[in-house]
Structures are given as structure tokens and as C-alpha cells.
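Enquirer: Pasting a structure below so you can have a look.
Taken together, the values in this text are just the output of simple stated rules run on the coordinates, not laboratory data. The structure presented is a predicted model; accordingly, all values stated were derived computationally and were not measured. Virtual Cβ from ideal backbone geometry, glycine too; neighbours counted across all protein chains shown.
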There are 2 protein chains.
Amino acid sequence: MEENSIIGKAVPRVDAVEKATGKAIYTDDFKLAGMLIGKIKRSPHPHARILRIDTSRAEKLPGVKAVVTGKDTTGRKFGTIKAYKAIWDELPLCMDKVRYIGDEVAAVAAVDEDTALEALDLIDVEYEELPAVFDPLEAMKPGAPVIHEGFQNNISMQVFLEAGDIEQGFKDSYRVFEDRFENVAVAHSPMEPHTSVASYVNGKVTLWSSTQSPFVVRMALAHQLDLPEAQVRVLKMTVGGGFGGKTDLYALDVCCVLLSQKAGRPVKIALTRQEEFETTRTRHSIIVELKTGVTKDGIILAKQARNILDGGAYTGVGLVAPYLSNLFLTLPYKAPNIKLEATRVYTNKVRGGAMRGYGSPQVIFAADSQMDIIAHELGIDPVELRSRNAITTGYQTSNGLRITSSAFPETIEKSAKGIAWAEKHGKMKKENKGMGMGCSGYIVGTGVAGGTPSNYSAGAIIKLHTDGFATLFTGAVDIGQGSDTVLSMIAAEELGIPLSKVKVVAGDTELTPFDLGQISSRTTFQTGNAVKRAAAEAKAKLLKVVAKNFEISPEDLEAKDERIYVKGSPDKVMAFKDAVFACQAANKGLEVVGNGAFAHELEQTIYTTGRGNYSPAYTFSTAAAEVKVDKETGEVEVLKIHYAHDIGKAINPINVKGQVEGSVQMGMGYALFESLLFDKGRLLNPTLSDYKLALTKDMPEIGVTLVESDDPGAPFGAKGCGEGTVAPVAPSIANAIFDAVGVRIKSLPITPEKILNALKEKEKAG
Amino acid sequence: MEENSIIGKAVPRVDAVEKATGKAIYTDDFKLAGMLIGKIKRSPHPHARILRIDTSRAEKLPGVKAVVTGKDTTGRKFGTIKAYKAIWDELPLCMDKVRYIGDEVAAVAAVDEDTALEALDLIDVEYEELPAVFDPLEAMKPGAPVIHEGFQNNISMQVFLEAGDIEQGFKDSYRVFEDRFENVAVAHSPMEPHTSVASYVNGKVTLWSSTQSPFVVRMALAHQLDLPEAQVRVLKMTVGGGFGGKTDLYALDVCCVLLSQKAGRPVKIALTRQEEFETTRTRHSIIVELKTGVTKDGIILAKQARNILDGGAYTGVGLVAPYLSNLFLTLPYKAPNIKLEATRVYTNKVRGGAMRGYGSPQVIFAADSQMDIIAHELGIDPVELRSRNAITTGYQTSNGLRITSSAFPETIEKSAKGIAWAEKHGKMKKENKGMGMGCSGYIVGTGVAGGTPSNYSAGAIIKLHTDGFATLFTGAVDIGQGSDTVLSMIAAEELGIPLSKVKVVAGDTELTPFDLGQISSRTTFQTGNAVKRAAAEAKAKLLKVVAKNFEISPEDLEAKDERIYVKGSPDKVMAFKDAVFACQAANKGLEVVGNGAFAHELEQTIYTTGRGNYSPAYTFSTAAAEVKVDKETGEVEVLKIHYAHDIGKAINPINVKGQVEGSVQMGMGYALFESLLFDKGRLLNPTLSDYKLALTKDMPEIGVTLVESDDPGAPFGAKGCGEGTVAPVAPSIANAIFDAVGVRIKSLPITPEKILNALKEKEKAG
């Protein structure tokens, strides 16, 4: 393979200056003439029947231009996108009941924020309080309060994944380990809270929104409003972080539209930070009961799990969580016999949804903590145990995942080397220091694309200009992860022009091809493939004309350095922009356009048995941590993390490293600090001062090694790194704590209190 | 030909509701976070040297964020687009001299309008006044003040158009008529004054502007700023009328960008109505000295003209005016021998530019008044004289115009019939009533497309969606004339879907294909052709897949009523949206995209001799007027106008009729009321109360007959009607006045004063 000009070079992001200088336009920066400010009236009760809503006093307040309640909606419920079994259990404005504290009851639009807030106070809602339930285990018990009619034991979703013969697997095992792990709901905490501006004009809706998936939002919003999709335009402005929390339709979007329709003016709703915490989405807390059978040498023969997910009050995109919590237990280790069960349960709290690593940080904390337990019990070095079980290139898992590339063994090796595992592991106990490892596998998008033709999940259109520039139209959304840069680099490399000459139009259902959006780490692989194909098609049109000019075959040409060269004859050359001009001239002015798409080869078995290949490729990650525990206070200091990630190919290494470092920070927060604290359904810490994130001052020295496995189906070999990199961090820290002071904490976050209690227990046990 | 489903039906405009309900977003409705208000400091002198500009006091005023002068510009001059001989004589902010009252000297951006206006007052400019000249004849005299260095006798442009043998033509003539006609500068008076918002971020410029030609503006703005075109994005919002006054780059656009760059914030400049009158563009006043030789039967043998255009202080798009003033004298009558000369002269006034009918209302007033004189002198009925000389289908004019379709004779016949010419002409003198006719020919765009490949002037891209909608991307601009509707109808007809299912993305250099813009009545013909071709290509992709499905040939299929039918087998059918889905599915998800373009077959002789075919087709128009003159007051009452126009094919008849009625109103204003009055270069009537337009109350009964000549090169046969329809109105009224009271007024506007004076003269002459 020839050397790339752009791919693999560390370059600043295309939007870096705009963002750093405050020029980037976020949704909240956007104003339209006559725009009103919308606010939402929310339930103060975790569970109650609505007896009466009186908006008359609010409507009379000067400056109030519209008040809407459930009566103004179509009455349709909404939920997640088409392809999955639909559970549509949410009304944009509650009509019968409220199901958590923060549930939407009414909305107002007024000339300014103060007036809108005053109007909220003037809306009278009469409730009949109902018994509520906050714990999923309690919710499943007979006689528990019924949150949604028709869901027995409050179970919204139960899925199974079986392969091989689990009974035989355990029978053949030398030892079987059974452990129970717990964690808590945590919040995405993006810099930018959810914000939307809606304009309803003559049956047509435009929604400017801080969304990760304009096309998914359009699909749901059009259904909700009973409009054809083409009458609904959803576009993203600059998005200030999403982490999965901005993937689906929100009630605020629907309210925004209804208010605009009623007021006849554009309306903006921007959530406050408190609303962001109380009413958006969380990472599901999952109870993981895990049973693993291994040979004497530690080879996994059987893996059984029972995952219980706290779903909160509604489903939405949370529908996918039980599938994924099973799936991620089939990676990154070989397991010939599996039996996995996941149950998502309604409770009267803010719901769980997609969050970075979706389903994986919870179950990987369990699985990779247990790997450490197994290693300890069998007397095998934890690194060696992982290597023995590691999934490698060409492997097909028992549930049908086809591993087209895996540098997983190398990530184990590199991360171990990065913290000098061989030299130091187990040898620092005197200083209360220890080392631990965590590993995970992840996907680059799913095989499920929302009912599109051929399971089409990404399109790209590239137009070439006679001044040597190219415009890329993509439905993908850069939420801060850098996809505009990566997709531009792919286009630039394929076309042989500099990155500065690619312009991006992104994330607008009116202007750009369909894209499933910024979910499940799919953009570089899936949209990247579409972009590469679109660029290749546009380039082929140029080469055809240039070849005719030089009277040779297009195969003898290459595009590089803004020129089309005859291979081997560097003097035979046409400038790229001249080639565009010539191509247009040869086609009576027709613009030079390349069209590309990415579609899945979907296995229908996924829908029936749950088995089958799920993603077009898989990534693998290993974190190795060194920690120090203060036995007096129980406090953990993470000294160093060395992270090795199988990226396939790093399109922009500096960007990938940034993604990995961000994952380490988020993973550390999950491991040690973050927790949404509820008291009878009321969130106690809905502020950034009370909700503890891992801050810069908490961060250790981080080493990052990018391992390039060069996936054959990927654009330039690149897989992805957005999400899978979060999960290994928590188990690496938990395992390091065990190595340091000998206590095994099986619930997150690992607070000083838990460590002190465990140390006491251990002392007692002697 | 099969009957059309949509073409030819009178339908409401696609943007009617938005506009009627005040929801359409004009540039002035558009706000960005932190946006500043810009204002321009202008010259109070018609001609002066700038000695010193001191902005320091303005800069210190709280709330002022940027002040720019000529020093902040690149120093580059600008003018009209590439293809023509370039005359770049304008600086965005004057550095050496000012050349008219209103010339731009400095600009400020402040937090609000009051502060910006106050800042203007704080800018000190020291001038040395220079002698000024306001009349083009005076300006051409030796010793006249020099307005621009290097232009002898202040002549900016002189062009000639000769064909046949003019001397022989006059020799062979039975009689030769010589007349001199005059007119005055008039103003476009769009409802929406010029407004732009600029945002400069990191070397990239976005300009939201009320422009007719985003691509033309981008070309000039990029050059002006010394940026690659791709770094400059120009897009139009809803445009509230243009009439030619919004076709080129304005100093205000450049100021807006420079202020944004300096302030680091977006800046809006909206001209006041006074600035709109004083500083934009006018219809050139033209002195037309016309000499025509005819046979005894009134057949034109020779036509000679000398046109002197008052150019004002700069050139810009005014460069084209002398060419066009010659060209329009070669239509609508046959003239085997011609010798035409046009001279554009600088004066110290606001400049002349493009205005509806560009060059034609002035010269057609002359030519068709003279036709009336000839008819009268030779004793031939004016209608008969016109018919005898009328250009017909298949004719090639002496200067090389190829007339692919002409229903001109029919327009003469229909308009005459419409006001009962045969019955009433010449028979109402007792009541001081009379009848007159006016005729003109026009173009559907030029053969000159700005240096694009293959003289490409319009592209179109159409995307089909699986919900049965289509999105049309076009660079064309609907400035109120209805092109969004017409282009949508063309796409809908070709695709066989309803108009409501076509969405338009228009006039954005970043998103849409190149289009020369809303100039020279080209959109329906040129962009319409591109749209039809794009739709045909997209449809062909569908038919190919459907044909495979039915195992027949694509030729056996047709698209109609949202279905793809097998011809003759109405049961073999696939829904349009299903065909889109199937087409995508058959191509691994690739979006169904059609790409179309319109390019001219350009004759290079146009650039050298001025001869050659200029436009891909020609339209013809006849107005017949009945007026009553009050001999006491000199006031003219227009009683009736019947208008017949060779539209080729009326895509949307109600829209075409609206265009014609608007032309009659504008033509009446030109004939009777409008006049920009100057005193030593100072405009005396820069308000809508002092500048007299033809109002609704002034309007007569208007009859419109659309004649369809079905041009072979046009989309569905449609030519155009935006501009050519203005010119015949003034001569029809002047000729009717002559018919009524026997006085011939050869200068516009025909004021009561001129009529009274002429009546007095006539009485004297006895």
C-alpha cells in the first residue's frame, strides 16, 4: 500500500479555531425574528394521576403567546426507531399519569424567560398521588405499583442470547465462579444542555436541535406530529457534547413545535442544567449476576449472566440496552457456551438511555473484575489469563460475531508493558500500591439501520469545484468527537487534495444524505466508507476525462497533491482544478458529483435468535492501571493508566488519543466518583457542583498506544474509538485496588467508604 | 404530446402562505448571537478628493465595535463578472476620491443602530471639493471634470453593432425617419431594501444577502477579499423583490464582511429607504437618436441608432447596458441593415445598472414610438405596419439572432383584438381618447455565462426520497417572481409526483449547483432545462429498476400520479416511493440522485463582432393601450391595456399573468410618473412619498393573452416573461396619447406639463 498523504497524520480539527474563539454557533446562539422562549411545566411527583390541568391563568399573563398540554398533541406515543420491536410508551405531554419527578405536563412560550417561568407557576395541575417504586427488584415483585399498563411485573423488555451448550460447558469446567456486581445510574453531563428551536409554518416544521441523530429525530417527530417525514426538517447546529444522551426524540422537541404552531412564531427551549440532570437520560444501572466456568488453565468454557437493568419511567432508545448488555459479555474473550439474559424494568425515575459505551461499562466492570478473581484463584497472572482467552483475527464467536480484525492480544501486551507490569505487578503492596487490567471489545455500529433500503445506514455526496475544492454532504454529526475532520480527511486523501480544501455540510435532513447519526461508534467506519466511495466515484469521473486527454487508461492515473498524474511520467500532469473544469466541460457543464453509501450485510437471525453477526467490525481495548490506596481514608489515587486500543487505523492520531484520554476520564468518574443520588425518586444532586465528575486534577499520567489492525472492510483500515474505550477503566482500577490492598469492591462507584468497610471486613475475617 | 399533469395549470405559489402570513424569513429577520448593526458613512459631495479620514472619536464611543475605512480593504477594485471585458472601477470604501453623493467612505459596527449612527457623526472626513458633471453630453466634452483616470471624455464603454450595408439600406429606402428620444433614470423600488449579514470566522466568510445572484456575488466578493471562492459562502434568504437592482456585489456587502472580521462578531447592514434610492442602482437614462429607412409599404430596410447612456459614477453590471441597448433595437422587427452605437458615460451621480427589461424600455420607447410616426406618415395602420415587419419563427436577424420560435404576429393580433382596435382606433378623438400599440422582443438569458466550463449557466440536482418526495437543489433565486414554484412544477411533472412533494433548496453557493442567478429572464428556460434534465436522470434510474422487476424495457414505463406504470397495462404498477426504495435497495443504499445542467452553444463571434446568436430563445410582446387625455390639465388616464405575450408555454398561467400585470404597472410608472430628480447630483425625491410609482389606483383594466409558441429548446416549451414585458407599455401609451390628442411626446415620463406644452405648441403651429 502506498503511503497516505493525510490519513494517519496528526492534524488540528477543522472546527478548532471556531470553537476555541467562541465563533461556533450552538443552538442557543441561534435566534429568529419574533422567537419566543419556551419552558416546560413538570411533575413534582414520582407517580400520580392527573386529575385536572388549568392553564387559564397562565394564558392571561401578558407576554405569554402559547400554552400547550396533552390536548394539543396528536395523542400519539413515541419511542425508539422502527427497526427494533417498538415500545412506544411516552407522550410528549402527559395526559393520564406522570411517572417520574420531571415528567412533562404542559409547556408555555412567552416573550422572555422570566415571563415563561412566571406562567409555569400559574398553571394549576391537580394530581392524585400513586404509590411509586424506585428499585427494579422491588418493581418486579407481585403487587408492585403498575407504571405502564400491559407490562407484567413492570418488565419492559426481556431478551436472551444462547449459544453452545451451557450445561455441558459448566460440567466440563474445572471451576465455576459466581459473582454479583452492581453499579449506579450516572449522567452524560455534556457541556451544552439540550436545546431546540422550532419553527412551524404552513404544515412544515423546522427543528434546529443539539441532536446526535437528525434523521432519527425526524423519523420520530414526523410520526409524533402525524406529518410526512419530508415536511419535517431536523438539523443540528454545533453540538456541545452528547455522549449518547442526544440520540432520540425528546418531549422538549415536540413541545417546541407545538408551541410554535400555536403561537405562530419560532420557539426556543433550552434545558437548564438541573433539567439536564433530572429529565434527560442516564446510563442504566445494571445488576450483573455472572457465572463463568473455566478449565484448570483458565480457558473459559461457559458464561452465564443475568442482567437486571433499571429502566426508569420510559423506554425510548433504552430498548437497545438489554440486547447490548448481553452482547458485550460475548466480547473480548472466547466463550464457546453462553446463556445470557437481560431484563429491563420500569421504575419511577428518570429513564436510562444510550450512554458512551452503551451497556458495556456496566457488564465489563463485572466480567473483567471476575477475570481478575479467576486469575487470583487459579494462580495465573491476570495478563496471561487474558491473553489465553483473547479473541483473535478470523475468530467467530459462539453467537456468530465475525471478527475480521483483532489486535486484542497486542493491546494486552502493550498496556502491560506501558505500566511495567512484569516488573512491578504484585510487588508494591508495602506501599499500598497495585496494578490492574481491564479489557473490552466494542462494535462499529450495528447491523440494524432503521428500515432503510438494503439496511443502508450512511450516504455521502461529494461535489467538486473548479477552484479545486470539494464539498462533502453527510448526515453525520460532529458532536465534539471530531467526525467532520475525520470524514474530511478521508475525502481529501481519496481525492488527492489538502484537508483545507474539503468543506463539510453535515447533519441536516433537508440537505444531506441519510445517516443513522452519531451512535454506536459507527461514524468513522460506516459514514467513512460512504465518504470514501463517494470520493472515489467523483475521482473516477475526473480520471476518465484526464485519461482521454492523455490518451491512456484511467488505471494509469493517480490523484495526489492537487494533481492528476500519469504514473511513471511525472511530467504528464493536470491540475486537480483543471481536471474538474475539463470534466464539466466534457459533460456540457454537469457538476462533478460522487455518490457513496454504506449498507450492512444483515443477518436476519439477529432478529429471531439474537445470534448472527452484529457489527461490520469490532474494536478491542485494554487499560492497565496503577493505583495507590490510602488505608486511613479509603481514598484511591490513580497514579498511571496505560491504554492500548485496537483502532484499526488512526485516521487522525491526535484525535484518537484525545478520544482515549476522554474515555479514561469518563471511566475514572464511573469507577470512583459519579452517582445520581435519589431519595424517593427525587434527584438530590442535580448540579455540577454536587454531582462529582472526574476533573483534570483527578487525572493520572496517561499513556496511549494505538494498535493498528487494518480492518479489511474499513475505510483506510480505520475502525473506531468513541465508546468502547470507556469500559476497561473501571475494572482496571478495581483490580488494581485489589492488588494494592486485597479488597474486592463489586459495586460502583468505588467510594472511600466502601474501601474502608471492606478493609474492616477483611481485618475481621483475618 | 401527452397532456401534462401539472405544467399549464394555475396553481398557488409554493411560498404563498409563508409570505402572506408573515412567516417568510427575509435577511432583516435573521439574527445571530452577538450580531452588530453596521452603518455606512457616505460622501456629501458629488466629486471631491479625500484629504483625511479621522475615525478616532468614533472608535472611542462606547458600543462601537469596529470602524473600517479604505485602509482596511485589500485595495482591490471590483466591477462586473469575468466573462465581459472587465471594468473594475469601484473601491468598497473610497480612498482617493468620492464620485457621487452617497459614495462609501467608512463603515461602523455597533451594538445598536443609534450607536452606529452616532458613530458616523463622529467620523471626521476632510474633503477638497472638485468640479462635478451631471449630464452625459457635458461629460463627453473636452475639459469636462475627469471622474475616473484613463477614460477619455468620461466614456466608460462604447460598443458597435453592424450588419448588412447601412448606406445602401438608406439609399434603397422610400423614406428615412430621424428622431431623438429621451428618458430619465428611475429606481427599482423593491419592497425590501438591500440587506446583508456577514460573518467572518477564521478566514471563511458567510454572507446572507438579499441578492438575485449568490454565485455572481461570491465571485466578486472572493476577488475583493482575496480569498478562494470556496472560502466565501453567499446565500439568499427570502428576497423581497429585486428587479435587477440586486444582481451585483455592493460595497455594503464588503463593508459588512470587513466589519465582521474586525469586530469578531456577525454584522448586519440594512439600507434605509433613502439609501436604497440614493446609492444602489438606477435604470440608465438613454438618449436614443434613431434613424430608420423604410419602403413605401413600410418595410424596414435600415436602422441606425446612437445611444448615449448616463452611467453615473461607476460601472459594475452597467457594463452590459450599452450592448443590450443595441441588441434590443434588433428586435422585434426585421431590419436587414443596421448600424448601432452605444456610449456609456460617467457622471457624478448614482450609477445605472440592470433593471427589469435591461436596456429595452428606453430603446423600445424610441423605436416603437417611431414605428407609430412611420405608420402615421405613410398612412398605414400601425397594427398592419407592425405585422408586416414582425420577426417570425425560423428567422435569423441580420446580426445573427436565431429565432427558434416566435408568436409575435399573433401577439399583435390578440392585443389589437383585446382592445377592439379595428372598431375603435382613430375614432374616439372627440372624446380625447386614443389607442396605441407597443411591441418588443426579449431574451431568455445570454450566451455569456461567466467563464464556466462549456458556458454552463445552470445546474440542478434532484434527490428522491423513500417517502415519495423529491428535493431540488438549484442555485436559482426566487425574488418574488415565482421561480421556486415554476422549477418545482417542472421537476414534479417530469417525475410524475404532485407539486406538494417537491422541496426546493435554492440560492446558496455552498449547497446548490452553480446558477448565474435571477438575471436576464433566464431562470425558467435555462435553470428549467437543468431541472428537467436532472429529474429525467433520476427518473431513468427508477425506471431501470422497475423495468427489471417487471422484466420489460424502461421505454415501456411511464411515471405519473406517483406511480410507475407499464404503458398499456395499468395493473402492472409500482408506487413511486416504492420504486425509490427498490432503486436504493438495488444499489446497496445509494441515494437516487439526478444531475442536470444547462450550457450554451456559444458563438465566439459575439465577443469579436458583436454578431452571433445571443440567447437560446426569444420572447415577443405586444401591448395595446386605450387612453383618455384631459386637455385642460394634461393628465392621462389609461383606460385599458390588453397585453399579449409569447410565453412559449405558460408553466403556471396565473403566475405569468401576474408577471405581465406587474410589468404593465411598472411600464405605466415609467411612461407617466417615475423620475429621479437631481439637483447638482443631489437626489431630491429619495422617499416613496416623493418618488411617484404607478399605484393600484392608477391601474387600468388589464387583459392578458398568453400565446404559446412552444419553443423546441425550452423545458415543456416555456420561454419567459419576467422582463421583456415592461418595454411595450410606454410606447403603447405614448402612441395612444398621439392618437387621442395629436401630440407626440418623445421624452419620458409623459407628464401633464409636457402634454400641455405640446398642445400649446401644436395650437401655435396651427
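Enquirer: Counting just the Cα atoms, what span does the stretch A:543-602 cover along each of its three principal axes? Round to the nearest Å and put the largest first.
Expert: Result, largest extent first: 47, 29, 21 Å.
Enquirer: Next up: Please rank A:MET35, A:MET95, fewest neighbouring Cβ atoms within 10 Å first, as an exposure proxy.
Expert: By the 10 Å Cβ count, ascending: A:MET95, A:MET35.
Enquirer: Cross-chain or 8 or more residues apart, Cα under 25 Å: how many lysine pairs in the stretch B:1-114 fit that? Count them up, please.
Expert: Value for the stretch B:1-114: 21.
Enquirer: Using a Debye calculation, one point per C-alpha and no hydration shell, please list log10 I(q)/I(0) for the stretch A:470-548 at q = 0.13, 0.19, 0.24 Å⁻¹ in order.
Expert: -0.38, -0.75, -1.11
Enquirer: Over the Cα atoms of the protein assembly as shown, what Rg and Dmax result, in angstrom?
Expert: 37.5, 137
Enquirer: Hey, could you pull the Cα Rg and Dmax for the stretch A:125-193, both in Å?
Expert: Radius of gyration, then largest Cα-Cα span, for the stretch A:125-193: 19.7, 62 Å.
Enquirer: Moving on. Note down the Stokes-Einstein diffusion coefficient of the stretch A:363-417 in µm²/s, whole number, using a Kirkwood radius over alpha carbon pairs, 37 °C, and 0.692 mPa s.
Expert: 268 µm²/s
Enquirer: Ok, one more. Please state, to two decimals, what the Cα-based radius of gyration of the stretch A:270-330 comes to when divided by 2.2 N^0.38 Å (N = residues).
Expert: For the stretch A:270-330, the normalised Cα radius of gyration is 1.60.
Enquirer: May I pose another question? Can you pull the semi-axes for the stretch A:306-386, root of five times each eigenvalue of the Cα gyration tensor, sorted largest first, whole Å?
Expert: 29, 12, 11
Enquirer: Between exposed chymotrypsin sites (Phe, Trp or Tyr not before Pro) in chain B, where DSSP calls loop and at most 15 other Cβ atoms lie within 10 Å, what's the longest gap?
Expert: With a cap of 15 other Cβ atoms within 10 Å, the longest stretch comes to B:396-766.
Enquirer: May I ask you to work out the translational diffusion coefficient for the stretch B:541-648 at 25 °C, viscosity 0.890 mPa s, via Stokes-Einstein with Rh from the Kirkwood sum over Cα pairs, reported in whole µm²/s?
Expert: 124 µm²/s
Enquirer: Determine, at each q value in 0.09, 0.11, 0.15, 0.20 (inverse angstroms), the log₁₀ of I(q)/I(0) that the Debye formula gives when each Cα of the stretch A:565-707 is one equal point scatterer.
Expert: Normalising to I(0) and taking log10 leaves -0.64, -0.80, -0.99, -1.17.
Enquirer: Hey, could you grab the Kirkwood Rh for the stretch A:396-537? Inverse mean 1/r over distinct alpha carbon pairs, Å, one decimal.
Expert: About 18.0 Å for the stretch A:396-537.
Enquirer: Given that compact globular proteins tend to follow 2.2 N^0.38 Å, what is the ratio of the alpha-carbon Rg of the stretch A:87-162 to that value?
Expert: 1.50
Enquirer: In addition: Sort B:ARG283, B:ARG42, A:ARG57, A:ARG52 so that the residue with the fewest other Cβ atoms within 10 Å of its own Cβ comes first and the one with the most comes last.
Expert: A:ARG52, A:ARG57, B:ARG42, B:ARG283
Enquirer: Sort the stretch B:16-173 into rounded, prolate or oblate with this rule: let a ≥ b ≥ c be the square roots of the eigenvalues of the Cα gyration tensor; rounded if a/c is under 1.5, and if a/c is not under 1.5, prolate when a/b is larger than b/c, oblate otherwise.
Expert: Because a/c hits 1.5 or more and a/b fails to exceed b/c, the stretch B:16-173 counts as oblate.
Enquirer: Hey, could you get me the Stokes-Einstein D for chain A, Kirkwood radius over alpha-carbon pairs, 20 °C and 1.002 mPa s, rounded to whole µm² s⁻¹?
Expert: Result for D is 79 µm²/s.
Enquirer: Related question: Restricting to chain B, what percent of DSSP beta bridges are antiparallel, rounded to 5?
Expert: In chain B, DSSP labels about 75 percent of beta bridges as antiparallel.
Enquirer: Report the normalised scattering of the stretch B:484-617 as log10 I(q)/I(0) at q = 0.14, 0.15, 0.16 Å⁻¹, calculated by the Debye formula with identical scatterers on the alpha carbons.
Expert: Evaluating at q = 0.14, 0.15, 0.16 Å⁻¹ gives log10 I(q)/I(0) of -0.72, -0.80, -0.87.
Enquirer: Please arrange A:CYS583, A:CYS439 by counting, for each residue, the other beta carbons lying within 10 Å of its beta carbon, fewest first.
Expert: If I rank by nearby Cβ atoms, fewest first, I get A:CYS583, A:CYS439.
Enquirer: Among B:501-510, A:294-303, what's the highest-first ranking by average C-beta atoms within 10 angstrom per residue?
Expert: Answer by packing, highest mean first, reads B:501-510, A:294-303.
Enquirer: Now a separate question. Alpha carbon centre of the stretch A:544-607 versus the stretch A:210-285: separation in Å?
Expert: 40 Å
Enquirer: Which shape class, rounded, prolate or oblate, goes with the stretch B:132-236 when its Cα gyration tensor gives a ≥ b ≥ c as root eigenvalues, a/c under 1.5 marks rounded, and past that a/b bigger than b/c marks prolate?
Expert: Prolate.
Enquirer: Once all Cα-Cα distances of the stretch B:417-484 are split into 10 Å bins that start at 0, what whole-number percent is in each one?
Expert: So the P(r) values, bin by bin, are 13, 22, 19, 15, 17, 11, 2.
Enquirer: Another question, then. Roughly how far apart, in whole Å, are the Cα centres of the stretch B:42-103 and the stretch A:430-506?
Expert: One Cα centre to the other: 45 Å.
Enquirer: Same structure again: Restricting to DSSP H runs of at least four residues, report the calculated mean residue ellipticity at 222 nm for chain B, -39500 (n - 2.57) per run over all residues, nearest 500 deg cm²/dmol.
Expert: It comes out at -8000 deg cm²/dmol, rounded to the nearest 500.
Enquirer: May I ask for the Rg/Rh ratio of the stretch B:695-766, computed from Cα atoms with Rh as the Kirkwood radius, given to two decimals?
Expert: 1.17
Enquirer: Please go through the residue pairs A:LYS532/B:LYS503; B:LYS417/B:LYS539; A:LYS141/A:LYS268; A:LYS532/A:LYS572; A:LYS339/A:LYS649; A:LYS246/A:LYS577 and name each one whose alpha carbons sit more than 32 Å apart in this structure.
Expert: Pairs exceeding the cut-off: B:LYS417/B:LYS539; A:LYS141/A:LYS268; A:LYS339/A:LYS649; A:LYS246/A:LYS577.
Enquirer: Please give the Cα centre distance for the stretch A:693-766 versus the stretch B:312-327, rounded to the nearest Å.
Expert: Taking the Cα centre of the stretch B:312-327 as reference, the centre of the stretch A:693-766 is 74 Å away.
Enquirer: Something else now. Under a straight-distance cross-link criterion of Cα-Cα below 27 Å, which lysines are reachable from A:LYS764, leaving out those fewer than 8 residues away in the same chain?
Expert: Of all the lysines, those that pass the test against A:LYS764 - Cα under 27 Å, at least 8 places apart if same chain - are A:LYS427, A:LYS429, A:LYS430, A:LYS433, A:LYS628, A:LYS631, A:LYS746, A:LYS754.
Enquirer: Please label the shape of the stretch A:179-296 as rounded, prolate or oblate, based on the square roots a ≥ b ≥ c of the eigenvalues of the alpha-carbon gyration tensor (a/c under 1.5 means rounded; beyond that, a/b larger than b/c means prolate, else oblate).
Expert: Note, shape of the stretch A:179-296 comes out prolate.
Enquirer: Of all DSSP beta bridges in the stretch B:614-766, what percent run antiparallel (nearest 5)?
Expert: Counting only bridges with both partners in the stretch B:614-766, antiparallel ones make up about 65 percent.
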